[in-house]
Structures are given as C-alpha cells and as structure tokens.
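Taking it in order: structure first as structure tokens, then the write-up.
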Amino acid sequence: MKLFSRTGLYVLPLFLGLLFFATSLTPTLIPRSWLLQGVLGGVVMGIGYLIGRFAIAMWRLMEIPEPTGRAVLVARLITGIPVAVVLVLCLFQARGWQNGIRSRMGMELVDSVNTIRMIALALAVFAVLVFIGYALQWLFNRVRFRLYRYMPSRTANVAGLLLTAFVVLIVTRDGVLDRVIAALDNSVTVAQNLFHTAPPPPRGENITGSTGSLVDWGALGQPGRDYVTTGPDAQDIAAFTGRDAMQPVRVYVGLAQMESAQERADIALQELIRQGGFDRDVLIVALPTGTGWLDPGAVDTVEYMHGGNIATIAVQYSYLQSPLALILETRSGLNQAEALIDTVHSYWRDLPKDARPRLYIHGLSLGAWSSMHGTDLFALLDDPIDGAFWAGPPFPSAMWQGIVASRQPDSPYIAPTLGDGQLVRFASHTKDAGGPEGWGGMRIAYLQYSSDPIVFYEPASLFRAPAWMNEAPGPDVSPDMQFMPVVTQFQLAVDLVLANTAPAGHGHVYYGSDYVGPWVAVTAPNNWTADDTARLIAHCDGGFGLGCDNN
C-alpha cells in the first residue's frame, strides 16, 4: 500500500479538500444561505483537492520515494483524524456563525442551515469538478500520446498541454461568454428602455430632456429619466424646512446621446448652463453606478439641506451592472469622469470667485471609483474644488488606497483617521463625519460600512489575511471570522456577489439617512442646525425608502 493512490480519489488531497470545506463554513462579511454555502463548499473542496494533487505531482516529479506499508496508515490517521474533528466542529457551529452575522445586521435568525442538503450540494459540486478534472486529464493524455508518434515525449507533453488549453478556451468562450453577453443584452433592455419605448417627454422648460432641452429624452434611458423627473421639488423642500425653497437643477446625459465621453460632457455642460446651474449656491458633479443609477438617498438629502439652491450634473458611461462594467468596460467610467470633471471645472474656474457655486464631486460604488480617478487633486491645485463625498469606494480605487495607507497608526483600517481631520474624514452607519467644523480649505468625506466587501475585498487574501482581519471587527462583522489561505479568498468573492443583499446600512446597501451627516460636514449648509440634521434623518427613516423623497 502506497501513500498516494494511483486509482480513484487520492486520500491526502481529499483530506485537504475536506479541510477547505470545513473552514468555508466560518463566517465572513455577508450571511450565506445553505444553497450558496453548498456551492462555495464544493468549489473550495475541489480547489483543496486540486492543490493536493499538484503537491503529489511535484513529489513524484522530484522522484522522492513514497512511504509504504504501516507508514501509510499512520500518515493517513495523523492527517485524517484532525480533519474529521475540525469538520464536525465547523458543521456543529455553522448555524451559530451565520446567526452571529444576522443578529449584528438586525436580520431574522435561522433555525437551521439545512446541513444535510448543504453537504449533499457541496459533494455534488465537488463531484462535478472532479469529473471535469478527469475529463481534462483524459483529453490531455489522448492528445500527447498521439503526438508521441511525431515528436519527442517532452515536446509532445508541452504541445499536448497547449492544445488542451486551447480546446478549453474555445469551449469556455462559446459556452460561458455567450451567456454573459446574453445577460448583458437583457440588462440593457430591462434597465434602459431607450428611444422607441421611452414615455412622452416631460413638460417644463428647466427639465432635462424636455422640449427646450439640449438632451435627447429618448437617449436618457430609464435611470436618467427617473433621476430628472423624481426627487423633492420646491414645495416638498419648503414644507420640510419651513422656508422658501427653489426647484433643484438636475442635469443628466445618457450614454446613447453621443459616441464619445467628451461629447457627452460638453452637452451636459451646455445643458447645465441653460438651466442656470452655475447661478446656484452649490454644484455637484456626480458619477452614477454602472447602469447609470444615482442613489436618491445621496441626492435628495443634499437638496433638502440647501433649500433646493443646488444643481447636480451627471453623465452615464455604461448600461451594465457595476461589477460587469468594472470587468468589461474598465476605462468607460474613468474616461467619462475625466471628461466631465475637467469640462465642468474648466468652465467653473473661469467664473468670478464671488459669483460661482461651491463645487463638489460625488459618486457611489463604481461612480465613486470613477470620480476619484477623475479628480486629479494636483491638476486642481491652482483653483481647487470645495470638496468631495464618496460612498462605498471599491477596493481598486488608488486614491482611497493611498488615503487609507496614510492613516494614523493607531486608527483602524475600516475607520481611518488622517491627521487632525482637516482634509479627509470617514463615516459609517454608526459614525458620522464630525460636522462642518474644523475643516481646512477642501473637504473630503468617505462613507463606508465595515461589512461592505466591495470596499474591503482583498485580492491578496489568497495567501495572506487582509489588514482589517488583524484588527478588532467592526460593529456588524462577526468576531468569529478567521483567515484561511485560499478559502478566505473564495468566501470574500461570494460576499462580493451578495453585497447588495444585506439590509440597509450594511454590506453595499447604503442607507439614505447615512448620507445626511457627511453631506452636512462637507457642504456646510447655511443656517443648518443639529436639530435639522436629526429631522432630515427621521424624514429619511419615515417610510421613504432609501431616498428622502415621497414622489
């Protein structure tokens, strides 16, 4: 009996796969259903088994003798018994771990994690992966054995590997990519309703897309039309503040309006001028999410606190959901942000300083990433903007990474403190941005939740623990979270998929009332008091959904 079996499942790699499955049951940032846990468990079990098989291949390649006889049984007992104990303990604690996250997020607790069904699904996924592995190995062997007739064995092995990889690429392209493209087509159809399916344009001179507008109503798409026709009007704002109010200016240009990012930015600027946006006290350049959506919780709140004396300008750069846009249209958002911010800033910079609005940059999620990229602080040094407010900044954001890296050594990764807070501040669901006092010339605020995997995903978690896992957990993060090489990477990848399924105020679901404090701190509205902040937060929480508008 040899340590490594040459037929059937290899025992030691199987033990490693079971260990990976067991540790995948530990909690991460977002609660998982038994269905997703089963898929995750099967995948990491397959990865563990593959790593074990690779280690065996290296062992044999180096021609190290394999133990035989009694040593094999001892080796399997030494590795198998601890794995079995860990597996049983993890299965026993799985429900408590998931409920620990759910209780911190105010979710209903689960009575069971459907252990039997979850294990069955994991084994089914693992079996499929093993079958695919053996099928690829069979294909590779068939190809290289045929090539042995025409070339040396080493050359045949390399050629066979390349040909096998080519076949896999073709199958993947024709099988997977087609499905992705079909999903994207459906995303465009459902989310945009362009041109011939658009409803009649609105009446009124100062509405984007109306008869007198420079912007094509049909090219706005559903997200743009919703944005320019909803939100609080002057009457709603006056009813809340008890003072006279203005109708907020909302300018939006759809992706279908023009071919290039610069052309869309130019039309947006002209529309903003037409609607008198530069005559307002506050001007916000906002970058939407991938589909073109702007969070009403972010826009409505700041319009209320400035009595409607505000203009917001936005341009769409994609039709895709943010994760797909990030992967497939990486430059689209960045190019649009550069064009829009530079175009608006160049015009604003040439206006008399005592007769122009205060200028701010804003974005949520992919919009935050794009607008941070487009906000070149060095280029703005000659005439800087007044500030910026970014929510849910995605982990690849270079500016965000640099700011977090510059935090005070004793401040946590999830809630950094920079200097004395005159330039940058961080807020969360449980912590505000500190109010409008104590700032310097420019004000930058971030809103991020400690349980948001879009913010705190770490690609290097494949082999090392993210920095935030080495600190005290956030208020909605389980203290039972543990790092496991490879497994944690896949757990966080699942969290990315589930980020928008969390309750409001957790994960990547940013809550309307949480925008209020940072906007007050950054824009310092006139005659605004702490009581006003409390009333607006209550207004947002009073049945208006994630925004602060009841239209």
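The values are calculated or read from the model by the stated rules, or taken from the named source; none is laboratory data. Please read all numbers here as calculations on a predicted model, not as lab measurements. With ideal geometry, Cβ positions are generated from the backbone for all residues, glycine too; neighbour counts draw on all protein chains shown. The accessibility values were calculated without ligands, DNA or RNA, using every heavy atom of the protein model including side chains. Shrake-Rupley method; radii C 1.70, N 1.55, O 1.52, S 1.80 Å.
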- Note on the structure: The correct ranking of E108, E271 by accessible area at 1.4 Å, largest first, is E108, E271
- Query: What Kirkwood hydrodynamic radius, in Å, does the range 191-295 give when the mean of 1/r is taken over all pairs of distinct Cα atoms and then inverted?
  - Reply: 14.4 Å
- Put +1 on the Cβ of every Lys and Arg and -1 on every Asp and Glu Cβ in the chain; which of M442, P475, L35 then has its Cα farthest towards the positive end of the dipole? L35
- About the Cα centre, charge dipole magnitude for the chain (Lys/Arg +1, Asp/Glu -1 at Cβ), debye: 3440 debye
- Averaged per residue, what accessible area in Å² does the chain show with a 1.4 Å probe, protein chains only? 46 Å²
- Message: As I understand it, the dipole of the range 194-347 uses +1 on the Cβ of Lys and Arg and -1 on the Cβ of Asp and Glu, about the Cα centre. Which of T330, L340, S318 lies farthest toward its positive end?
- Response: S318
- Can you send over the solvent-accessible area of T430, 1.4 Å probe, protein chains only, in Å² to the nearest 10? 100 Å²
- Message: What whole-number distance in Å separates the alpha-carbon centres of the range 433-463 and the range 234-300?
- Response: 25 Å
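Given a cut-off of under 8 Å on Cα pairs at least six residues apart, what relative contact order in percent is computed for the chain?
Computed over the chain, the figure is 14 percent.
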- Calculated from DSSP helices alone, with each H run of at least 4 adding -39500 (n - 2.57) and the total divided by the residues of the chain, [θ]222 nm to the nearest 500 comes to -16000 deg cm²/dmol
- Given that compact globular proteins tend to follow 2.2 N^0.38 Å, what is the ratio of the alpha-carbon Rg of the range 402-551 to that value? 1.15
- Task: Would you mind computing, in nm to one decimal, how far apart the modelled labels at F463 and R146 are, each placed 7 Å from Cα along Cα→Cβ?
- Result: 3.7 nm
- Normalised by the number of residues in the range 412-476, what is the relative contact order in percent for Cα pairs under 8 Å and 6+ residues apart? 32 percent
- Which percent of the accessible area of the chain is formed by carbon and sulfur heavy atoms (probe 1.4 angstrom)? 62 percent
- Positive-end residue, the chain charge dipole about Cα centroid, Cβ charges, pick of G277, I207, Y515: Y515
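Between V168 and A493, what length in nm is gained on full extension when 0.36 nm per residue of separation is reduced by their alpha carbon distance?
Stretched out fully, the V168 to A493 stretch lengthens by 114.7 nm.
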- If contacts are Cα pairs under 8 angstrom and at least 6 residues apart, what is the relative contact order of the range 67-168 in percent? 15 percent
- Query: Dividing the convex hull volume of the alpha carbon atoms of the range 256-369 by its residue count, what do you get in Å³ per residue?
  - Reply: 92 Å³
